[in-house]
Amino acid sequence: MKKLFLYLSIFCMTIPAFADDLVLNGNVSFDWATKSQFERDQNIADIKDKIYQNNIVEKYSKKDFREQYRDFLKDKDREKHYIEISEGLKENPTERLAGFYAKGDKYIYMYGIEYKNDISTIYYYDMLGNLRYIDKMSENYPNYPYYTLQYRVNGTLAGVVYFTSKDTQYVYKNGNFKGVWFNDTMFNSKAKKIMTRTNY
């Protein structure tokens, strides 16, 4: 069960944000496999420095966190959102939506909402409409590069994802590099494929 939760946590930390409809991208090249180990290690360290120079809060008190997000702890429009996502809707007049599926795209197990009047936070709910995670976006979002801080509902930092483009995201947990996503594949620091995703 712990292993499943770990994979779910990493998967959730790497959910592509909603910026792809907002930002025009140039050509993206991914040279992770052709870089030397020194270059990869330097790249990992440079991005970590960019992220963690901003005095990231690793843990809010559960009480303070729940107080700050009390209006979002429960999705009051859960049924409406479920229907919209099930029908393939990616946005409505006030929100951008994303569904996350299990069992070969048959079952929604989590969904995300970004409110158009405040794009600084994305909220992730389970199928009962309970808040599970939030993504706090850095100030330059939706312009690349930007990063997201993902917090669990208990106020603990689950991880940080640094987006250099829609196609490329660097994932860190507890200050440690976990991997870099390029499209649907994650590579470790040695340029070995370690994971794939189906929601890209």
Legend entry - Residue identified as touching a helix residue (DSSP H, G or I) at 6+ places or on another chain (Cβ under 8 Å) and either assigned to a helix (DSSP H, G or I) or modelled with pLDDT under 90 (or both) among 51, 83, 108: 108
Legend entry - Residues (without any contact (Cβ under 8 Å) to a residue 12 or more places away in the chain and either touching a strand residue (DSSP E or B) at 6+ places or on another chain (Cβ under 7 Å) or in a strand (DSSP E or B) (or both)) located in segment 92-105: 102
Legend entry - Flag for residue 133 being crowded, with 18+ Cβ neighbours inside 10 Å and within 26 Å of residue 48 (Cα to Cα): yes
Legend entry - Of the criteria (1) modelled with pLDDT of 95 or more; (2) under 24 Å from residue 32 (Cβ atoms); (3) charged (D, E, K, R), which one residue 132 fails: (2)
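One line per residue, one yes/no per condition, for (1) of a type in the set (A, V, I, L, M, F, W, C); (2) surrounded by 21 or more Cβ atoms within 10 Å (Cβ to Cβ):
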residue	(1), (2)
141	no, yes
147	no, yes
150	no, yes
155	no, no
161	yes, yes
168	no, no
180	yes, yes
Legend entry - Residue among 108, 134 that is among the β-branched types (Val, Ile, Thr) and closer than 21 Å to residue 79 by Cβ: 108
Legend entry - Identity of the residue in segment 152-172, out of contact with any helix residue (DSSP H, G or I) (no Cβ under 7 Å at 6 or more places or on another chain) and not in a loop (DSSP other than H, G, I, E, B), that ends up nearest to residue 130 (Cα to Cα): 152
Legend entry - Sole residue being in contact with a strand residue (DSSP E or B) (Cβ under 7 Å, 6 or more places away or on another chain) and more than 21 Å from residue 108 (Cβ to Cβ), chosen from 155, 175: 155
Inset, instruction - Evaluate segment 79-94: report whether one residue or more is surrounded by 19 or more Cβ atoms within 10 Å (Cβ to Cβ), of a type outside the set (Gly, Ala, Ser) and closer than 28 Å to residue 47 by Cα. - result: no
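The values are calculated or read from the model by the stated rules, or taken from the named source; none is laboratory data. It should be emphasised that the depicted structure is a prediction, and the values quoted were computed from it without experimental measurement. Ideal geometry is used to build each Cβ from the backbone, glycine not excepted, and the neighbour counts take in all protein chains shown.
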